[in-house]
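Nothing in this text is a laboratory measurement; each read-out follows from the coordinates by a stated rule. For clarity, every value in this text was computed on a predicted model and none was experimentally measured. Cβ placement follows ideal geometry from the backbone for every residue including glycine, while neighbour counts extend to all protein chains displayed.
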Amino acid sequence: MLAAPTISEEILDLKRDRRAILLAHHYQEPEIQEIADVVGDSLELARKALKYEGDVIAFCGVWFMAETAKVLNPTRIVVAPDQDAGCSLVDSCKADDVREYRRRNPDHVIVSYINTSVEVKAESDILCTSRNAVKIVNSIPREKTVLFLPDRNLGAWVQRETGRENMKIWQGSCIVHNTFPSRRLLDAKVRFPEAEVVAHPECPEAVLRHADFVGSTSAIIEHCAGSASREFIVMTESGVNYSLERAAPGKRFHYVANENCNCSECPFMRLNTLEKLRDALMNLTPRVELSPELMRRALVPLERMLAVG
């Protein structure tokens, strides 16, 4: 008697039948990353989907990432395991507020982090990621005032890196990175004195000042893989551990708990499960549905970012 297929096997069968690609963010559970076609950060994944000749994109991350994939792939079906997989940064920045800012400051350049809703993207002049934010802001004439939204820690880091004085910063934050306490990092440095500290720029400045390397999730992975160090204190979401261990086998990674949950996990990322992914492929829902006009407007700042690099 044949054994019943595992959920992972069901997903792979559905992927073939649906002509689907499975995209997973670095912060997803290991069992999801193991069966994904591509694992990366939000923009890397959306770009990979552009090169895929299939019908369905199953995006395992949070909802704004699936929206971005839909904007870049308007003719494809885009599904996500859980529509409630949101983001505190998205919640901190509403399109109506951005429109009102634009009305009052028509000459300012609005730079929006990719961690925003598609509606906010549509109100923006150009987008950025944590990896290219400094480059994007530097591409704007220095006499122009920049509004950077929505992450205040990333914005403050970009301002320090660019030396830009005429820069206004929205006051949103990531519920994971913003609550990493510097005192716990200092405790970890005492416990692991040989470890290199790597940190995401969404962390507070009090954490970043103790970091040996600051960069995006993908940049952290690349840095750890290429570094001569054998041990790291990682100041970002602990789901990245799967990708770190694959990229840098034999090295040791330590994580610092934040104040919210005494852990270093994003509760939204953890909403996605194998069961929900299987059901999303089976039923093609939750599906990202966006109006053509909204996608057209959101694509403009996205393409401007891609043109800068």
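Looking only at the chain, where both bridge partners belong to it, what percent of the DSSP beta bridges are antiparallel (to the nearest 5)?
The answer is about 5 percent antiparallel.
Placing unit charges on C-beta atoms (Lys and Arg positive, Asp and Glu negative, everything else neutral), compute the dipole magnitude of the stretch 49-100 about its Cα centre in debye, rounded to 20.
Magnitude of the dipole: close to 240 debye.
Once you have the Cα-Cα distance between S8 and T179, take 0.36 nm times their residue separation minus that, and quote the gain in nm to one decimal.
Contour length minus the Cα-Cα distance gives 58.2 nm.
How much net charge surrounds I11 when only the other residues with a Cβ under 12 Å from the Cβ of I11 are counted, with Lys and Arg +1 and Asp and Glu -1?
Here the charged neighbours net out to -4.
How large is ³J(HN,Hα), in whole Hz, for each residue of the stretch 100-112 in order, when computed from phi with the Karplus curve 6.51 cos²θ - 1.76 cosθ + 1.60 and θ = phi - 60°, using x for Gly and Pro?
Each residue's phi maps through the Karplus curve to give 5, 4, 4, 4, 7, 9, x, 8, 7, 9, 9, 9, 10 Hz.
Based on the Cβ-Cβ distance from R47 to V190, what FRET efficiency comes out when R0 is 45 Å, to the nearest 0.05?
0.65
How high is the relative contact order of the chain, in percent, counting Cα pairs under 8 Å that sit 6 or more residues apart?
Relative contact order here is 23 percent.
Would you work out the charge dipole size for the stretch 177-255 about its Cα centre, treating the Cβ of every Lys and Arg as +1 and the Cβ of every Asp and Glu as -1, and quote it to the nearest 20 debye?
220
Cut-off 10 angstrom, C-alpha nodes, Gaussian network model of the chain. Which of E265, E205, E293 fluctuates the most?
Fluctuation is largest for E293.
What does the extension gain come out to for T285 and N166, with contour length at 0.36 nm per residue minus their alpha carbon separation?
Full-extension gain reported as 38.4 nm.
Could you work out how far apart the two model spin labels at R103 and E303 are, taking each label as a point 7 Å from the Cα in the direction of the beta carbon, and quote it in nm?
Inter-label distance under the simple model: 2.9 nm.
Hey, rough spin-label estimate for E31 and A206, points 7 angstrom out along Cα→Cβ, what's it come to in nanometres?
Label-label distance for E31 and A206, simple model: 3.8 nm.
Which value in nm describes the separation of the simple spin-label points at R19 and S227, placed 7 Å from the Cα toward the beta carbon?
Taking the simple label geometry, R19 and S227 are separated by 4.4 nm.
Of the DSSP beta bridges with both residues in the stretch 89-175, give the percent that are antiparallel, rounding to the nearest 5.
0
List every residue whose amide H lies under 5 Å from the amide H of C60, counting only residues 5 or more places away in sequence or on a different chain, with H placed 1.01 Å from N in the peptide plane.
Hits under the 5 Å cutoff: L23, A24, H25.
Dipole size in debye (nearest 20) for the chain around its Cα centre, Lys and Arg Cβ +1, Asp and Glu Cβ -1?
The dipole magnitude comes to about 820 debye.
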